[in-house]
Amino acid sequence: MIAYPARRIAIAIVTLVLASIVVFTMLEIVPGDPARIMLGMNASAEQVAQLRHQMGLDAPLLLRYLHWTGGLLKLDFGQSYTYSVPVIDLVAERMAVSLPLALIALALSTIIAIPVGLYSASRRGGTGDTIAMGTAQLGVAVPNFWFALLLIYLFAVWLHWVPAGGFPGWDAGIGLALKSLALPALALALPQAAILARVARSALIEVLSEDYIRTARAKGIPRRAVLWRHALRNAMIPVLTIMGLQFAFLLAGTIIIENVFYLPGLGRLVFQAINQRDLIVVKSVVMLLVAIVIVVNLLVDLSYALVDPRLRGRP
Amino acid sequence: MSLLEIDNLSLNIGDQPILKDIDISVAPGEIMGLVGESGSGKSLTALTIMQLLPFGAHTTGRVTLGGIDILATDEERMCLLRGKEVGMVFQEPMTALNPLKTIGEQVAEGIRWHNRASRAEAEEQARIMLDRVGLPAEKFPLSRYPHELSGGQRQRVVIAIACALKPKLLIADEPTTALDVVLQVQILDLLRDLVTENRMGLLLISHDLAVVTEMTDRITILRRGEVLEAGKTAETLSRQRHPYTRQLAQASMHVPQRPVSPAQEKNHTPLLVVESLTRDYPGSRTAWLRHGEPLRAVDNVSFSMLAGQSTALVGRSGCGKSTLARMILALDRPSAGTIRFRDETITDKREHELKLARRGMQAVFQDPYGSFDPRQKVERLVTEPLHLLEKAPSRTERRNMAEDALAEVGLIPSDLDKYPHEFSGGQRQRLSIARAIITRPKLVVADEPVSALDVSIRAQILDLLADLNSRLGIAYLFITHDLTVARAITDDVMVMHAGRIVERGATKEILDHPQSEAAQALVAAAPDLHRALARKLQEQG
């Protein structure tokens with residue numbers, strides 16, 4: 001019972017450490033001296049050297065790595081070079097937009113995808129299945145920013161239900177904030193739902209051909225009840241895997257949607273930081289995203305054991 | 001009046017006729033055997049009664065169960081009959097249970113569904129049923145999951161599910177084919193007891209004439225979707241009025257002609273020497289970094305085989321036969337002990353040093369469907385072992401060698417350009433034999449090579465193997481739980497039990513006078529058509 005989670009957690013920790021080394025090294029290799037960038041091209045060599053010393057950039061590599069990771073553990077990410085505020089404040093501000101957005105989008109995509117997958121699998125080859133999967137195909141193919149523009153046109157410009165962009169902040173009231181996240185969440189969710197529905201359908205179809213489905217039918221359980229009681233849970237493992245990957249994407253890969261809707265999210269923060277060579281921000285956000293992805297994947301792994309008793313107690 | 005009455009049943013799937021004018025009846029308390037080779041329509045007859053036919057199936061005729069016309073019954077009413085009036089047991093116990101639900105849930109599910117019983121009531125009944133099929137509460141609580149049970153135990157759960165509501169008719173489709181002989185006897189006994197207890201009708205589907213003879217009151221012989229012969233079991237099988245019935249009976253008792261065993265006339269240098277071979281598997285983890293007692297799959301096994309000798313390795317499932325075979329084939333490393341093949345020690349070699357040994361020994365496996373890549377042509381599949389040769393053969397050489405190998409197993413050169421799915425099960429097993437002999441090996445390890453085949457095809461493959469043994473002098477290590485096969489084709493037998501070889505000697509000697517308990521159990525459980533028929537003749541006069 002303990003072995004499987006313990007092993008997964010150990011693997012997650014090791015991955016995290018390795019990832020931090022990679023992130024740290026990558027940004028060491030990237031050309032561009034932060035001190036020089038902060039001071040501008042006119043600064044003298046002494047001034048630059050002095051700032052480097054202040055920022056601790058002249059310390060040995062290993063020491064800087066330990067200093068950085070030690071800071072990470074205390075949620076001290078350092079100071080942004082360009083904004084001269086603690087990185088954690090910048091990140092927290094952006095997280096307040098990106099995290100709810102990702103969660104709403106994931107929830108929407110799951111709520112849409114699972115019923116569609118169930119419906120299609122139970123009517124495999126029928127008209128309903130063909131229409132649903134054709135639509136899903138379209139959903140996979142159409143880029144989400146195009147969806148976003150259509151949604152803005154329909155719901156913001158034409159119907160005036162929600163604002164076309166921007167984010168008033170949570171202080172403006174939960175209702176208003178959620179309203180401005182509704183369209184971006186939908187735009188993000190639809191293509192993901194299309195992928196998830198296809199995965200759910202094919203996983204269900206595979207499960208429906210298993211012998212134990214026939215055993216259940218031979219007990220006299222009607223087809224639909226068999227689908228819910230026996231097939232769905234067995235088809236959950238591939239679905240959970242895809243959901244884990246999607247969450248990581250929804251959190252960090254949303255830069256285009258953030259731009260379309262003028263949302264102050266994490267994606268835009270990284271993008272700006274890269275442009276301005278604000279390497280400490282880049283480093284911290286990348287590390288944070290890596291950590292989130294690893295934790296989500298860990299949760300997915302642990303949820304496998306909840307779904308599948310054969311994994312419990314196995315390394 | 002009959003419980004199940006099938007009149008003039010025909011079944012088409014798409015345009016393809018599957019069943020033609022079938023008549024079968026089963027009375028309460030009666031066991032009816034349905035016999036036929038694969039593809040004869042046995043299973044589809046069963047699925048017609050259950051109305052669980054695949055998409056595109058079209059039936060005509062009349063099937064009544066307790067007076068209810070099943071073909072005219074809609075799906076909703078059919079759900080009320082399934083499980084309640086008619087239950088079904090399937091062939092493959094390893095996959096017949098939902099891996100994510102406990103056995104208690106799975107047995108109770110039907111009871112709750114049909115009787116609207118509460119969870120507690122249903123579980124109480126499920127408990128009684130599991131006790132009845134031989135899974136007592138102390139060792140098999142309702143909270144067990146299927147993966148914690150062995151094949152035989154799982155089949156008991158499937159039977160408990162099928163019989164939970166005391167159906168009037170039970171359909172058992174090859175219920176013991178996937179089990180070893182000792183388990184087979186236990187499961188068949190259980191089915192027979194359940195029939196007598198509840199006056200249940202049983203439709204027993206099997207390709208094994210001996211099993212059917214032993215179990216059934218009446219028998220129906222099916223071939224290509226038609227009933228060839230039907231009647232009282234003893235009468236039908238002893239008179240063998242229809243030539244096909246005779247052919248079936250003969251094929252199941254077939255013993256290939258083996259003129260002189262090459263082992264007896266040639267030299268006595270050992271081909272294979274196995275010394276104190278042991279294989280431990282780490283026990284399952286009990287805590288972080290701590291393992292339970294290691295599992296000893298093969299325990300201090302020593303034996304040797306002569307060139308051209310055909311040896312059977314028999315034992316119940318899980319006794320370590322396959323682990324031993326894998327080590328001999330150098331597919332698994334022993335924990336201790338050595339294996340010498342043609343005076344070369346193979347247990348300490350690295351993979352690239354094993355080429356010579358691998359060329360000298362090849363394998364044939366049980367499942368002729370699973371052992372080929374469906375996207376490769378036969379030429380490529382059969383010539384696969386040729387990379388073991390010292391010098392890579394040219395294209396034409398490969399083709400010639402493949403043609404020769406195919407000729408040896410009775411196939412023609414044009415077969416080389418086909419794909420595996422174009423062959424029948426027996427032909428595919430010929431292909432895997434061709435693949436095994438293409439490097440001219442001295443030893444072939446055959447793991448249940450005929451147990452997935454129909455009796456008439458089994459007879460042909462046994463003939464082929466016997467022929468290759470005497471012509472090419474290939475030695476066989478024949479892994480099987482089927483003593484009829486061992487008797488037919490081997491010179492001597494090793495009986496394996498719990499990782500050890502407990503008895504070894506001449507085949508006839510051991511099968512006629514087994515000494516060890518393990519060997520006696522195997523011999524007693526082995527279905528034997530002669531014996532079964534004699535007993536049936538006495539019973540049915």
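Against chain A, whose longest principal axis comes from its Cα atoms, helix A:174-208 is set at around 50 degrees.
Between amide H atoms placed 1.01 Å from N, distances below 5 Å from residue B:497 occur with B:502, all of them 5 or more places distant or on a separate chain. Mean partner shielding of peptide B:104-114, defined as the number of other chain Cβ atoms within 10 Å of each residue Cβ, is 3.
Roughly how crowded by other chains is peptide A:227-235, in terms of the mean Cβ count from those chains within 10 Å of each of its Cβ atoms?
Working: counts 0, 0, 5, 5, 1, 0, 4, 4, 0.
Mean shielding count: 2.
Which value, in nm² and rounded to one decimal, describes the direction-averaged projected area of the C-alpha convex hull of the protein assembly as shown? Show your work: numbers first, answer last.
Working: hull surface 189.1 nm².
Average of the hull's projected areas for the protein assembly as shown equals 47.3 nm².
Calculate the FRET efficiency for residue B:498 and residue B:177 from the Cβ-Cβ distance with a Förster distance of 22 Å, rounded to the nearest 0.05. If you can, show how the numbers build up before the last one.
Working: r = 24 Å, r/R0 = 1.10.
FRET efficiency, residue B:498 to residue B:177: 0.35.
The 3J(HN,Hα) values that the Karplus relation (6.51, -1.76, 1.60; θ = phi - 60°) gives for region B:403-414 are, in residue order, 4, 4, 4, 5, 4, 4, 9, x, 10, 10, x, 5 Hz. Gly and Pro appear as x.
Using only atoms on other chains, find how many Cβ atoms lie within 10 Å of each Cβ of peptide B:45-52 and report the average.
On the way: counts 0, 1, 2, 0, 0, 4, 1, 3.
Neighbouring Cβ atoms belonging to other protein chains average 1 per residue here.
To the nearest 10 degrees, how steeply does helix B:119-132 sit against the main Cα axis of chain B, on a 0 to 90 scale? That helix lies at roughly 60 degrees to the long axis. Distance distribution note for region B:107-216: the fraction of Cα pairs above 23 angstrom is 28%. With R₀ fixed at 56 Å, the C-beta to C-beta distance from residue B:115 to residue A:89 puts the FRET efficiency at about 0.30.
Would you work out if chain A is rounded, prolate or oblate? Take a ≥ b ≥ c from the square roots of the eigenvalues of the alpha-carbon gyration tensor; rounded if a/c is under 1.5, else prolate when a/b is larger than b/c, oblate otherwise. Spell out each step's value before the answer.
On the way: a/c = 3.08, a/b = 1.61, b/c = 1.91.
Oblate.
If you filter region A:76-124 for chymotrypsin sites (Phe, Trp or Tyr not before Pro), then keep DSSP loop positions with at most 15 other Cβ within 10 Å, what is left?
Details: sites: A:77, A:81, A:83, A:119; in loops: A:77, A:81, A:83.
Answer by residue number: A:83.
May I ask you to order B:163-171, B:298-306 by the average number of other C-beta atoms within 10 Å around their residues, highest value first? The partial results should precede the final answer.
Details: B:163-171: 22.3, B:298-306: 18.9.
Packing order, densest peptide first, comes out as B:163-171, B:298-306.
Close amide H contacts of residue B:306 (hydrogens built in the peptide plane, cut-off under 5 Å, sequence separation of 5 or more or a different chain): B:271.
For region B:262-532, calculate the relative contact order in percent as a whole number, restricting contacts to Cα pairs under 8 Å that are 6 or more residues apart. Intermediate values should be presented prior to the final figure.
Numbers: 507 pairs, mean separation 66.3, N = 271.
Reported relative contact order: 24 percent.
Can you pick out the pairs among B:232/B:536; B:20/B:42; A:219/B:168; B:139/B:168 whose Cα atoms lie more than 21 Å from each other? Check vs 21 Å cut-off fails for B:139/B:168.
May I ask you to sort A:46, B:379, A:28 by Cβ crowding, counting other Cβ atoms within 10 Å and putting the fewest first?
On the way: A:46 8, B:379 18, A:28 12.
Placing the least packed residue first, the sequence is A:46, A:28, B:379.
Spherically averaged projected area of the convex hull of Cα atoms, region B:262-532: 16.6 nm². Over the Cα atoms of region B:357-399, the radius of gyration divided by the Kirkwood radius equals 1.00; this is the Rg/Rh ratio. If you wrap the Cα atoms of region B:95-167 in a convex hull and average its projected area over all directions, you get 4.3 nm². Applying a DSSP loop filter and a limit of 14 other Cβ atoms within 10 Å to the chymotrypsin sites (Phe, Trp or Tyr not before Pro) in region A:131-223 leaves A:161. The 3J(HN,Hα) values that the Karplus relation (6.51, -1.76, 1.60; θ = phi - 60°) gives for region B:74-82 are, in residue order, 7, 4, 5, 6, 4, 4, 6, 7, 4 Hz. Gly and Pro appear as x. Under 15 Å from a label point set 7 Å out along the Cα-to-Cβ vector of residue A:312, no amide N atom of region A:210-243 is found.
Starting with the highest mean, order A:106-112, B:485-491 by the number of other Cβ atoms within 10 Å, averaged over the residues of each peptide. Can you show the working numbers first?
On the way: A:106-112: 18.7, B:485-491: 23.6.
Ranking the peptides A:106-112, B:485-491 by packing returns B:485-491, A:106-112.
Here's the list of aspartates and glutamates a cross-link from residue A:74 could span, going by alpha-carbon distance under 15 Å and ignoring same-chain residues fewer than 8 apart: A:89.
Chain B: D in µm²/s via Stokes-Einstein (Kirkwood Rh, Cα pairs, 4 °C, 1.567 mPa s)?
51 µm²/s
We did not get these values from a lab; they are worked out from the coordinates using the rules stated. Not measured: the values here are computed from a predicted model. For neighbour counting, all protein chains shown are included, and Cβ atoms are generated from backbone atoms with ideal geometry for every residue, glycine included.
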